[in-house]
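Data first, discussion second: the structure below is written as structure tokens.
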Amino acid sequence: MNTGTESPNRKEIFKGLAVGAGGHALGASFIHPEEVLGQSNLEEVQMDPLWSNPTSGLIFWSVSYLKEVYDNKGREQYLEYFKKNSQLRAAASKRNADRLGFTGSDVKSAVEIIPAMLIILYGPKQKYEMVETTAEKARLKCLNCELWNHVQATKITDDLCSVHSQYWWDGFVKAMNPKMTSNLVKAKPWGDSVCEWLIELQT
């Protein structure tokens, strides 16, 4: 009989944390569906305070993992790797959104669904603001990002975020509608006060 302990690998840790965060959020969606699905005004999602536990764990692990990859690969390889990887993860996130009932194919839907999915992952302190919104064009700001806050708290100066913010968002909107694009136009790692995306429906 094996009496030793085994350490889970990174993939298992990530999966466990993501399932935990999603479980809290999904459970709350049945208890307070109007608060989870009513994202048109991007109000803070009111959920069980325990929700912060798995999300903070996921954020801690994510930043640690990204920093390790950055240090091992160097900036150029890091960027190339996550340009592809972030788009694949975005497609998987879109499938999760579908399972939660977050569906749509226009710009208005995108600026409601994407923040909702990120709030589920990063917790209720994550805050977004729509700057302008039509069916063809929208600007969306992130006013508070828990991932960025953790990067700052751990005094990491490398830009671990912007490549994901560009390619994950663009991959997500393209999974919604191949004619949509998302471009990161402002980013805190670039010295801006907020991160901001321009989402457009190409004609």
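The values are calculated or read from the model by the stated rules, or taken from the named source; none is laboratory data. Just so it is clear, the structure is predicted and the values come from calculations on it, not from any experiment. Glycine gets a Cβ as well: all are built from the backbone with ideal geometry, and neighbour counts include every protein chain shown.
Just so you know, in segment 146-161 the residues that are surrounded by 17 or more Cβ atoms within 10 Å (Cβ to Cβ) and in contact with a Phe, Trp or Tyr (Cβ under 7 Å, 6 or more places away or on another chain) include one that is farthest from A110 (Cα to Cα), and it is H150. Filtering segment 95-116 for residues that are closer than 20 Å to S162 by Cα and without any contact (Cβ under 8 Å) to a residue 12 or more places away in the chain leaves an empty set.
Is at least one residue of segment 132-147 in a helix (DSSP H, G or I), under 12 Å from the mean Cα position of the chain (by Cα) and in contact (Cβ under 8 Å) with a residue 24 or more places away in the chain?
Residues of segment 132-147 in a helix (DSSP H, G or I): 146-147.
Applying the additional criterion that residues be under 12 Å from the mean Cα position of the chain (by Cα) yields 146-147.
Remaining after also requiring in contact (Cβ under 8 Å) with a residue 24 or more places away in the chain: 146-147.
The answer is yes, given that some residue of segment 132-147 is in a helix (DSSP H, G or I), under 12 Å from the mean Cα position of the chain (by Cα) and in contact (Cβ under 8 Å) with a residue 24 or more places away in the chain.
Working carefully through the options K186, K179, K155, find the one that is of a type outside the set (A, V, I, L, M) and in contact with a Cys (Cβ under 7 Å, 6 or more places away or on another chain).
On the way: K179 fails: in contact with a Cys (Cβ under 7 Å, 6 or more places away or on another chain); K155 fails: in contact with a Cys (Cβ under 7 Å, 6 or more places away or on another chain).
So the residue among K186, K179, K155 that is of a type outside the set (A, V, I, L, M) and in contact with a Cys (Cβ under 7 Å, 6 or more places away or on another chain) is K186.
With the condition kept exactly as written, say whether any residue in segment 64-73 is within 27 Å of M176 (Cα to Cα), at pLDDT 90 or above and surrounded by 12 or more Cβ atoms within 10 Å (Cβ to Cβ). Within segment 64-73, one or more residues are within 27 Å of M176 (Cα to Cα), at pLDDT 90 or above and surrounded by 12 or more Cβ atoms within 10 Å (Cβ to Cβ). Screening segment 179-201 for residues that are among the small types (G, A, S) and part of a loop (DSSP other than H, G, I, E, B) and picking the one that is surrounded by the fewest Cβ atoms within 10 Å (Cβ to Cβ) gives G191. H164 meets all of the listed conditions (1) assigned to a helix (DSSP H, G or I); (2) farther than 22 Å from K67 by Cα but one, namely (2).
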